[in-house]
Amino acid sequence: MKQHSEIGAMLAEHEFLRGMSSKHIALMEEFTSVDTFHPGDYVFRAGEEAEYTYLIRSGRISIEIYDPQRGAVLLETIAAEKVLGWSWLVPPYKWCFDARAVEVTRMLCLNAERLRQAGELDHEFGYEFHKRFTGVFAERLRAARLQLMDMYGPLT
Amino acid sequence: MTLTTLDAPMSPLPYRIRQVTWENRDTFSFALAPAGEGSCERFLPGQFNMLYVYGVGEVPVSISGDPAEGDMIVHTTRYVGNVTKAMSRLRADQMIGVRGPLGNHWPAGEAKGKDLLIVAGGIGLAPLRPLIYEALRRRSDYGKIVLLFGTRSPDDMLFRNELRQWRSRFDMDVQICVDRAHQDWFGHVGVVSSLIPRAGFDPYLTHAFICGPEIMMVNTVEALIKRGVSEEAIFVTMERNMKCGIGLCGHCQLGTAFICKDGPVFRYDEMAPWLTIREM
Ligand SMILES: Cc1cc2nc3c(=O)[nH]c(=O)nc-3n(C[C@H](O)[C@H](O)[C@H](O)COP(=O)(O)OP(=O)(O)OC[C@H]3O[C@@H](n4cnc5c(N)ncnc54)[C@H](O)[C@@H]3O)c2cc1C
Ligand code: FES
């Protein structure tokens, strides 16, 4: 287990949290740990409780959906400096997809329940955190729509 | 004396198909050589030829081979409609008409001393391949060379051998991104523009060359500008239906430009106003 001061530094320098106040970084330090996933390791699987949200420091994670006919289909890969997992934000707090490490991946793991509590107690923190997540949603939704339109496919 | 396109710009010259290579299920490359005596016309990366399938019709297709290769000219075509489907049925030793090379070229000379960022989407890698051959031949002219290639799936990949060779070089960074894949794929999945924020080039000292579907190019340009690349350092290619290919008929007009004559390569800031007008 890393020391909190190191975790605080890692949180502060992550792109997703850049510019966040040191008070809020210190708050998150209380419920953040560091974990390493090896290629093939599942970070989570669809249907499981969404207990953490993850900030990727290095490596790459693939978001997948399992289809009995097609097997695991890769929908997106998420790399360093990005955030992984939003199902902890909306009830019933269960993952919708699988997440699997493609490379050795190091991530900051933020306890979801504590995050929700912290947002309720400190609305300034909650707003700041949600505002950043909204940016992530917008970016992912746009990318998903572009992928959906099959832009390299036939025009007809 | 060999007749050239310059002598009779509307008359296709007969070329023989020397080799047909299927790149994936709907895309094939032809290596062509003049049917008579003489050698292929020299071309610059980014230029195209009008290819005439005898009795069917003529379409513009970029030159995808190595500009240094004098005795063959290579085109990579994806079949989408009448002419390209008929073209896909041609076999080695059959004839095809060639008019060109036409249009302008990638301004690689302007990028000297800078990083070179090449972003290709799908068949858009074809017109960029000659630029990559040239850039690697003049490797010391550039800083970093980065190729970002977006395609539909791993099965839709073009130029697998080259991509493998380029990836294995220490002086070039190649990243491939697909829209969807299975677990045997170890590359990126997502839109190709998502690779830009972390790609290894200096945004203030980079020339970017982009070719692909227009939506992909617009998205890519947006990501580049966000990263700090100036609009004047971004070049895109435009595609419109063509007839004459030499600036006479007006078929390919986009705004004040004729794609066939003033393009197909444009500096982004010169083309940007027209990209957002739907009827264009
Ligand atoms: C400067 C320039 C360079 C080009 N370089 C290449 C190249 O290197 N390789 C290549 O494969 N193509 C290239 N093209 C596109 C190529 O010219 C067209 O695909 C071709 O003209 C289509 O003719 P067709 O008779 O087969 O299809 P059409 O009968 O004209 O069209 C049939 C169907 O295909 C669709 N279609 C037409 N063009 C495209 C397209 N570009 N992509 C997807 N669907 C299309 C039409 O909307 C229509 O639904 C280039 C075009 C230009 C202007
Ligand atoms: S195709 Fe005739 S002017 Fe361009």
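The values are calculated or read from the model by the stated rules, or taken from the named source; none is laboratory data. Computed from a prediction, not measured in an experiment: that's the story for all the values here. With ideal geometry, Cβ positions are generated from the backbone for all residues, glycine too; neighbour counts draw on all protein chains shown. SASA here: full protein model, heavy atoms, side chains in, ligands and nucleic acids out. Shrake-Rupley method; radii C 1.70, N 1.55, O 1.52, S 1.80 Å.
Given the criteria open to solvent by less than 10 Å² (accessible area, probe 1.4 Å) and either within 14 Å of another protein chain (Cβ to nearest Cβ) or closer than 30 Å to B:ALA257 by Cα (or both), does B:ILE96 qualify? When the stated conditions are applied, B:ILE96 passes them.
Quick grid of which residues meet (1) more than 16 Å from ligand 2 (Cβ to nearest atom); (2) assigned by TED's automatic domain parsing to the domain that holds B:PHE30; (3) open to solvent by less than 40 Å² (accessible area, probe 1.4 Å):
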position: B:HIS75; (1), (2), (3): yes, yes, yes
position: B:ALA86; (1), (2), (3): yes, yes, yes
position: B:ILE123; (1), (2), (3): yes, no, no
position: B:GLY150; (1), (2), (3): yes, no, yes
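Against the condition more than 14 Å from chain B (Cβ to nearest Cβ) and surrounded by 19 or more Cβ atoms within 10 Å (Cβ to Cβ), how does A:LEU74 come out, does it pass? Against the criterion (more than 14 Å from chain B (Cβ to nearest Cβ) and surrounded by 19 or more Cβ atoms within 10 Å (Cβ to Cβ)), A:LEU74 does not qualify.
The residues in the range A:15-59 that are surrounded by 19 or more Cβ atoms within 10 Å (Cβ to Cβ) and not in a helix (DSSP H, G or I) can be counted, and the count is 11. If you go through the range B:21-41 and keep only what is more than 17 Å from B:GLY97 (Cβ to Cβ) and either touching a Lys or Arg at 6+ places or on another chain (Cβ under 9 Å) or part of a strand (DSSP E or B) (or both), you end up with B:THR21, B:TRP22, B:GLU23, B:ASN24, B:ASP26, B:THR27, B:PHE28, B:SER29. For the range B:26-62, the set of residues classified as among the β-branched types (Val, Ile, Thr) and more than 20 Å from B:GLY247 (Cα to Cα) consists of B:THR27, B:VAL53, B:VAL56, listed by residue number. Given the condition crowded, with 22+ Cβ neighbours inside 10 Å, within 16 Å of ligand 1 (Cβ to nearest atom), within 15 Å of B:ALA120 (Cβ to Cβ) and within 14 Å of chain A (Cβ to nearest Cβ), answer yes or no: does some residue in the range B:155-163 qualify? Scanning the range B:155-163 turns up at least one residue that is crowded, with 22+ Cβ neighbours inside 10 Å, within 16 Å of ligand 1 (Cβ to nearest atom), within 15 Å of B:ALA120 (Cβ to Cβ) and within 14 Å of chain A (Cβ to nearest Cβ). Are any of the residues in the range A:104-124 away from chain B (no Cβ under 14 Å), in a loop (DSSP other than H, G, I, E, B) and either over 30 Å from B:LEU158 (Cβ atoms) or open to solvent by less than 50 Å² (accessible area, probe 1.4 Å) (or both)? Looking through the range A:104-124, at least one residue is away from chain B (no Cβ under 14 Å), in a loop (DSSP other than H, G, I, E, B) and either over 30 Å from B:LEU158 (Cβ atoms) or open to solvent by less than 50 Å² (accessible area, probe 1.4 Å) (or both). Given (1) among the small types (Gly, Ala, Ser); (2) closer than 17 Å to B:GLY124 by Cα; (3) more than 15 Å from ligand 1 (Cβ to nearest atom), identify the lone condition not met by B:GLY255. With (1) among the small types (Gly, Ala, Ser); (2) closer than 17 Å to B:GLY124 by Cα; (3) more than 15 Å from ligand 1 (Cβ to nearest atom) applied to B:GLY255, the lone miss is (2). Counting only helices (runs of 4 or more DSSP H) wholly contained in the range B:179-276, the ones carrying 2 or more residues that are within 16 Å of ligand 2 (Cβ to nearest atom), away from chain A (no Cβ under 14 Å) and surrounded by 17 or more Cβ atoms within 10 Å (Cβ to Cβ) occupy B:259-262.
Against the test of being open to solvent by 10 Å² or more (accessible area, probe 1.4 Å) and over 15 Å from B:ARG129 (Cα atoms), the options B:PRO107, B:PRO60 yield a single qualifying residue, B:PRO60. Being away from chain A (no Cβ under 14 Å), away from ligand 1 (no atom under 16 Å from the Cβ), open to solvent by 30 Å² or more (accessible area, probe 1.4 Å) and more than 16 Å from the chain's Cα centre (by Cα) is the requirement here; does B:PRO14 meet it? Yes: the conditions hold for B:PRO14.
Of everything listed in (1) within 14 Å of another protein chain (Cβ to nearest Cβ); (2) outside any strand (DSSP E or B), the single unmet condition for A:PRO91 is (1). Considering the range A:131-156, and only residues there that are more than 13 Å from chain B (Cβ to nearest Cβ) and surrounded by 14 or more Cβ atoms within 10 Å (Cβ to Cβ), the residue that is farthest from A:HIS14 (Cα to Cα) turns out to be A:PHE133. Among the conditions (1) open to solvent by less than 50 Å² (accessible area, probe 1.4 Å); (2) closer than 29 Å to B:VAL189 by Cβ, the only one that A:GLY8 does not satisfy is (2).
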